[in-house]
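Inspection log for the structure reproduced underneath, given as structure tokens.
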Amino acid sequence: MYTLAVRREFIARHFLIGGDWGAENFPNSHHYILELQMEGAELDQHGYLVDIVDVEKHLDDTVNYYKEQTLNDKPEFAGLNPSIEHFSRILAATLNDRIKAKNISALKVILWENANAWAAYSIER
């Protein structure tokens, strides 16, 4: 099985809802690191799992949508606590819809919120 990964860093804001999480209940910023991993058993005729340029375009478009924004204000977070768990799932679903490479059998987003905390979400294709 081949794995290809691409990373991006960005800053976004949020505030947690539905509980008492101290300072996290108030608007605050995180320096997120998003790692997108794609897996597949077969390479294309050029020896690639996926066209990295195409993946980077979709990754940049997705990151730019959230960059310097407040997650709570985005419609996909309506009614949700903007946790890294929810955020990793939303990012994975968005990228899975946009990346059309035929030989990818799984896609995974690992989202770091800080040096000590990350969440991940995987999608089988």
Work out how much length Val53 to Asn114 would gain on full extension: take 0.36 nm times their residue separation and subtract the Cα-Cα distance, in nm to one decimal.
19.2 nm
Please compute P(r) over all alpha-carbon pairs of the chain, binned at 5 Å starting from zero, and give each bin as a whole-number percent.
2, 11, 21, 23, 17, 11, 7, 4, 2, 1, 0
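What value, in deg cm²/dmol to 500, does the helix sum -39500 (n - 2.57) over DSSP H runs of n ≥ 4 give at 222 nm once divided by the residues of the chain?
It comes out at -8000 deg cm²/dmol, rounded to the nearest 500.
How much FRET efficiency would the formula 1/(1 + (r/R0)^6) give for Asn103 and Asn28, where r is the Cβ-Cβ distance and R0 is 41 Å, rounded to 0.05? Don't skip to the answer; put the middle values down first.
Working: r = 40 Å, r/R0 = 0.98.
It comes out at approximately 0.55.
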By how many degrees, between 0 and 90 and to the nearest 10, does the Cα long axis of helix 84-98 differ from the longest principal axis of the chain?
40
Compute a Gaussian network model of the chain, connecting alpha carbons closer than 10 Å, and tell me which residue from Tyr66, Tyr32, Tyr48 fluctuates the most.
Tyr48
What residue among Leu49, Leu59, Leu36 shows peak mean-square fluctuation when the chain is described by a Gaussian network model with Cα springs under 10 Å?
Leu49
Relative exposure of Leu71, Leu80, judged by other C-beta atoms within 10 Å (fewest first)
Leu80, Leu71
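The numbers here are math on the coordinates, done by the rules we state, and not lab data. Please read all numbers here as calculations on a predicted model, not as lab measurements. Backbone-built Cβ (ideal geometry, glycine too); neighbour counts: all protein chains shown.
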